[in-house]
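Read the structure below first, then the notes.
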Amino acid sequence: MDILGLWQKAVDFHGHMCGGLLTGFLASVYASSILTLDFSADEEVVCISENDACGVDAIQSMLGCTVGKGNLLFHMTGKSAYSFYSRKTGKSVRLLKVGDVPDPKTIDIVEYCRSRGYEEIFSFQNTVIAIPERARIFDSYICDCCGENTGANWIRIQNGKKLCLDCASRYDRFRI
Ligand SMILES: [Zn+2]
Ligand SMILES: [Zn+2]
């Protein structure tokens, strides 16, 4: 898909056109060229985003990094920074926004991408967070308090009882 098609897809997915979406879009295009990434049908491409703003939607739409597949993760610092990893090549890059991104309604996206150097917008760094392991399927357990089923990694043991997080916090407060 060409730049215009990819941009349109990102806008459709996000629901509106905004500078934040363009930031994530440009980061995806830049990361794709640095790491030679394609759309991730499985978990080959991993993104760790340091914010949960509009730009993340462009990354989901462009690179196929999604919460459900486990290849979109958050390391919340509130910064406009994204780390991208290729499982295929083992290469990775952290992009930090350092330049201004225009209002996308005021530009020709194809012309903009052709004429601007991405180095003006992002500083390019080595990643500091190690590539996460592939998403795991966990066992699940029935909460001894509410009877609802939940993944093993969310279960807390209190006084020998397996509790979901909701029941565990209630248990704490009221000493049921
Ligand atoms: Zn937006
Ligand atoms: Zn429960």
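Throughout, read-outs are computed from the coordinates displayed, never taken from laboratory work. If you're wondering where the values come from, they're calculated on a predicted model, not measured in any experiment. In this analysis, Cβ positions are derived from the backbone assuming ideal geometry, glycine residues included, and neighbour counts consider all displayed protein chains.
Here are the numbers for the structure shown:
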{"item": "Residue order, fewest to most beta carbons within 10 Å, for His16, His75", "result": "His16, His75"}
{"item": "Separation in nanometres of the label points that stand 7 Å from Cα toward Cβ, at Leu165 and Phe74", "result": "1.1"}
{"item": "Exposure proxy order (Cβ contacts within 10 Å, fewest to most) of Cys18, Cys146, Cys167", "result": "Cys146, Cys18, Cys167"}
{"item": "Global geometry of segment 3-125, whether rounded, prolate or oblate, following the gyration tensor of its Cα atoms and the 1.5 cut on a/c", "result": "rounded"}
{"item": "Segment 99-148: trypsin sites (Lys or Arg not before Pro) in DSSP coil with no more than 14 other Cβ atoms inside 10 Å", "result": "Arg134, Arg136"}
{"item": "Length-normalised contact order for segment 1-92 - Cα pairs under 8 Å, 6+ apart - percent", "result": "32"}
{"item": "5 angstrom amide H check on Asn71, placed H, neighbours 5+ away", "result": "Thr66"}
{"item": "Normalised contact order of the chain, rounded percent, pairs of Cα under 8 Å and 6 or more residues apart", "result": "18"}
{"item": "Residues Glu148, Glu44 arranged by fewest to most Cβ contacts within 10 Å", "result": "Glu148, Glu44"}
